[in-house]
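Step one of this worksheet: look at the structure below.
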Amino acid sequence: MRLKTFSFIGCVLMLMALSSCQRVKPKPPIATTLDSTLVIPLSTINIPIDYEVVKLQEMVNTKIKGTFLRHWMKLNNKGDSLYIELEKRANITLTWDKRTLSYSFPLNVSAKFKKSFAGIRFKNEQPIQTELTIHLSTELGFDNQWNLKPQSTIRGIEWIKDPKLKVAFLNINLRKVVENAIRREEKNLLPKLDEVFGKLIDTRKVVSKIWMDLQKPIRINKKGMQVWLKAEAQNISARLTDTGPELITLDVELKALVQTILEGEPIPPSNTKLPAFKRKEGEDDSLNIFVLVKIPFTKADEFLNKTLHNKTLSAKGYSTAIKNLEVYGTNKGLALKVKVRGDIDGQLFINAVPEYDTLRARIYAKDLNFDIDSESALVNSANWLLHDDALDIIEKEMSHNLQPYIDALPELIVQAVGKGNVGEKIDLTIDELTLKPLHHIITIHDFQIIFQANGNASIGLKQKVFAGQKKKVSQH
C-alpha cells in the first residue's frame with residue numbers, strides 16, 4: 001500500500017515537473033522570399049540663378065575700353081571715301097526686358113572725308129569730332145556646348161552732335177554718310193562686342209560646376225552609423241527668363257537619381273559627361289525630389305546589437321538580458337528574433353509593421369507583439385514583458401528619424417552652386433519643403449522606401465558670377 005501511494009505521489013510530482021518545464025515553441029514568423037529593388041523616379045531640381053543687371057553693366061564697362069573701329073572705306077565709284085574711328089566716350093547702360101538685353105553705347109566719332117567735285121579732290125586734314133549713341137538689342141542664346149552666344153543688332157543711332165564738315169566752299173553734313181558706314185561695318189563691329197559680352201558670363205563653366213557639384217555625396221548624420229545622400233545626374237536643361245528689369249535669371253533644371261548610401265557601402269560614381277545644351281521647356285520652379293532609402297537587415301542587425309546587447313529588461317522582480325537580435329522581412333512586415341538570457345532563457349519572435357509619422361518625420365514600428373520560445377518555468381508568467389519595457393525599447397530603437405534627410409536636401413542645391421566659387425554670396429530660400437512616403441517594400445535583404453520631397457527654391461548669386469580676366473580689355 002505504501003509503495004502504491006509513493007508511486008502515485010511520485011508520478012504526480014513528475015508530471016508537475018514535466019508540466020512546469022514544458023517547452024513553449026511557437027512557429028517563427030515566415031521570412032519573405034521577395035528579392036527586388038524599387039525603381040527610383042527621376043528627381044527634378046530647378047535652380048534659378050539670378051544675375052544682377054547692374055553688376056553685369058559694371059563688368060561690361062570694365063571690359064570694354066578704347067577704340068573699336070579704325071577704317072578707311074570707299075563710299076561710291078566717284079572716289080568718295082571716309083576714314084572713321086569709333087571710341088567709347090561714356091558708360092554703356094544695359095536694360096533687360098521681355099528676355100531681350102538692350103544696351104546704349106555712347107561713342108566719340110572721329111572722321112575724315114575725301115570727296116571729288118568737278119574733278120577736284122577735297123578732304124579735311126583735321127578729323128571731325130562728333131558724338132553719337134548706338135542703341136543695340138541682344139538676343140541671348142547658347143551654343144551646343146553651353147557657351148553664351150549673344151547676337152546683337154543695331155536698333156538705332158542717336159546723334160548728340162551732328163558731324164558737319166566745311167571744306168573750301170562746301171558745307172557737308174556727314175550724318176548719313178557715317179550712319180551708313182557704321183551699318184556697313186555692323187558685321188565687323190558687333191561680333192567684337194558680342195565676343196566680349198559672351199565671355200563675361202562663362203555659362204559652360206557655371207553649368208559644368210552645377211552638374212558635378214550636385215553629385216557630391218552629402219553626409220546626413222554626424223553621429224552613429226554614417227549615412228550619405230548621393231545624386232547621380234541624368235540630364236540638364238536651361239533657359240534665360242525675364243523675372244524683372246533688375247535680374248537676368250538662368251533657370252537650370254536638373255534630372256537626377258537620388259539615394260542614400262550607408263557606411264560600408266560603395267558610393268556610386270558620378271556621371272561626368274555633361275549633356276549638350278537643351279532648352280528647358282515650361283516655367284516650373286519647384287523641387288520634386290525622390291529619395292530611395294535602403295536599410296539592409298545586416299546593417300540593422302549591426303546597429304541593434306551594438307545598441308541593445310546586454311540590455312536588461314526587468315519588471316516585477318524578474319529580469320532578462322538581450323544577447324542578440326536578428327531582423328528579417330516577412331510578407332506582413334518585419335520580424336525580429338531576439339535571444340535573451342536571465343530569468344527567461346530563449347528566443348523572442350517580435351512582429352512589427354513599419355509606419356511613417358508625418359508630423360515627426362520618422363519611420364517607426366507599430367503593432368508590436370511577440371511569442372516566446374523558451375523552456376523557462378517563468379514563461380507562463382512572462383506577461384510583464386509584453387506591456388512594459390521590452391516592446392517600448394525595441395520600438396524606440398527601430399524608430400528612424402528622417403529630419404536629417406530633409407535638412408540635407410537644400411544642401412544639394414547649395415553645393416551645386418558652389419559655395420563661393422560660382423557666387424561669392426548665395427541667398428537660398430526653400431519654401432514649404434515637405435516629405436512624404438511614396439512606396440516601400442520589404443525584401444529578403446532589406447527594407448526599401450522612396451520618399452518624395454516637394455518645395456520651391458530661389459537662389460541669388462552676388463558679385464563673382466561673371467567670368468573673365470581681371471585686366472581691362474581694349475578692342476581695336
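Only the coordinates and a few stated rules stand behind these numbers; no lab work does. Note that the structure is predicted; figures quoted are calculated from it, not measured. Ideal geometry is used to build each Cβ from the backbone, glycine not excepted, and the neighbour counts take in all protein chains shown.
Partner aspartates and glutamates whose Cα lies under 12 Å from the Cα of K280, excluding those fewer than 8 positions away in the same chain, are identified as D251, E253.
Against the empirical curve 2.2 N^0.38 Å, the C-alpha radius of gyration of region 238-300 lands at a ratio of 1.66.
Can you give the local net charge around P191? Use residues other than it whose beta-carbon is closer than 12 angstrom to its beta-carbon, Lys and Arg +1, Asp and Glu -1.
Spelling it out: positives minus negatives among the neighbours equals -1.
With the Kirkwood sum run over all distinct C-alpha pairs, region 182-265 has a hydrodynamic radius of 16.6 Å. For F290, neighbours were defined as the other residues whose beta-carbon sits under 14 Å from its Cβ, and their charges (Lys and Arg +1, Asp and Glu -1) total +3.
Residues whose amide H comes within less than 5 Å of that of N324, counting only those at least five positions distant or on another chain, are K339 (H built at 1.01 Å from N in the peptide plane). Please give the Cα centre distance for region 37-90 versus region 128-191, rounded to the nearest Å. For region 37-90 versus region 128-191, the Cα centre distance is 14 Å.
Taking amide H positions as modeled 1.01 Å from N, with prolines and chain starts lacking one, the residues under 5 Å from L174 and 5 or more places away or on another chain are K164, L165. With the convex hull drawn over the C-alpha atoms of region 149-199, the volume per residue is 90 Å³.
Which entries of K88/K278; K216/K311; K323/K396 have Cα-Cα distances beyond 29 Å here? Write out the running numbers ahead of the final one.
Values: K88/K278 36 Å; K216/K311 39 Å; K323/K396 18 Å.
In this structure, K88/K278; K216/K311 exceed 29 Å between Cα atoms.
Just the C-alpha atoms of region 193-321: what Rg/Rh do they give, with Rh taken as the Kirkwood radius? Numbers along the way, then the final one.
Details: Rg = 23.4 Å, Rh = 18.9 Å.
Taking Rg over the Kirkwood Rh, I get 1.24.
Taking other residues whose beta carbon is less than 12 angstrom from the beta carbon of I40, and scoring Lys, Arg as +1 and Asp, Glu as -1, yields +2. Near the amide H of N221, within less than 5 Å, lie the amide hydrogens of V227, all on another chain or at least 5 residues away, with H placed in the peptide plane.
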